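Taking it in order: structure first as C-alpha cells, then the write-up.
The values are calculated or read from the model by the stated rules, or taken from the named source; none is laboratory data. Values in this document were obtained by computation on a predicted structure and should not be read as measured data. In this analysis, Cβ positions are derived from the backbone assuming ideal geometry, glycine residues included, and neighbour counts consider all displayed protein chains.
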C-alpha cells in the first residue's frame, strides 16, 4: 500500500472511530467541524484525539502524529520514538491505535520471514 | 520556661544519627550471587529496617529468591522444577512477610485505596519502563 493510501485509510478510520464514540459531545463536535472544515483537517483532529485516547497520554505528552514537531521547547522523545517505530513498521502516523497497529505489522513481518 | 543565655552542653539536644548503625553484612555461608542480592536488599531498605539478628532470616530469603529464580527458568518444561519453584516462592513470601518486605508491610490499605483513583500509566510510561528493563538486563 502506498504511503498516501495508508494515511488516507488511517485518517478515515480515526474519523469513523470518533463518530462512533459514546461521548455525544465529541460526536457533535466532529459533525459540526465537518460542516465548516475540510475532511482532511477534521480527520487529522480525530487521529490526534484517538491516539491520545488509545495511548492514555497525559496533557503534556504529544501523540505520535506530532512526534516530529518541535514547538520551541524541544521534541517529545517518546512521541518521536513511537513515530519512528510506526514508520519502520509501515504504519501510518495517523493510525488511531499506534501500538496495536505496530504490533500487528511487526508480527506480520516476522511471519513473512 | 526558656533558659536565658548560652546553653550548656547538657542542654543541647543531640539529633539522632544513623552513623553508628552499620548496614547488615551478608553471612559468609552465602555464595557470591547470593551475597550480591543480600547487599542489594539491605541497600534498598531503610537503615533501621534490620538488626544483626535478622541476617540469617534475610539470608534464607535470598536463597529462596535465588532458588525460585533458577527454577522459574526451567519450570515450563520440567514438572520437578515447577514444584521447586512453587515451594521456593511460598518460602520466599513467608520470609518476606517476616522481614516486613512486602507491600502490605509498607503501605496503609487506605492509601492503596486512594491510589486506585490515580490515572493509569500512559503508553509512553510503559515504553520508558520497558527500555529501562532492557538497559538493566544488558
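Tabulated results
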item: Yes/no for residue A:50 being within 17 Å of residue A:102 (Cα to Cα) and either modelled with pLDDT of 95 or more or over 11 Å from the mean Cα position of the chain (by Cα) (or both); result: yes
item: Test for residue A:43: is it outside any helix (DSSP H, G or I) and either away from chain B (no Cβ under 14 Å) or more than 21 Å from residue B:126 (Cβ to Cβ) (or both); result: no
item: Conditions (1) assigned to a helix (DSSP H, G or I); (2) under 23 Å from residue B:128 (Cβ atoms); (3) away from chain B (no Cβ under 14 Å): number failed by residue A:103; result: (3)
item: Any hit, the range A:67-75, residues being on the phi < 0 side of the Ramachandran plot, surrounded by fewer than 16 Cβ atoms within 10 Å (Cβ to Cβ) and not in a loop (DSSP other than H, G, I, E, B); result: no
item: Selection from the range A:76-94 of residues that are assigned to a helix (DSSP H, G or I) and either within 13 Å of another protein chain (Cβ to nearest Cβ) or out of contact with any helix residue (DSSP H, G or I) (no Cβ under 8 Å at 6 or more places or on another chain) (or both); result: A:77, A:78, A:79, A:80, A:81, A:82, A:83, A:84, A:85, A:86, A:87, A:88
item: Failed condition for residue A:97, given (1) more than 12 Å from chain B (Cβ to nearest Cβ); (2) at pLDDT 95 or above; result: (1)
item: Selection status of residue A:35, part of a loop (DSSP other than H, G, I, E, B) and surrounded by fewer than 17 Cβ atoms within 10 Å (Cβ to Cβ); result: no
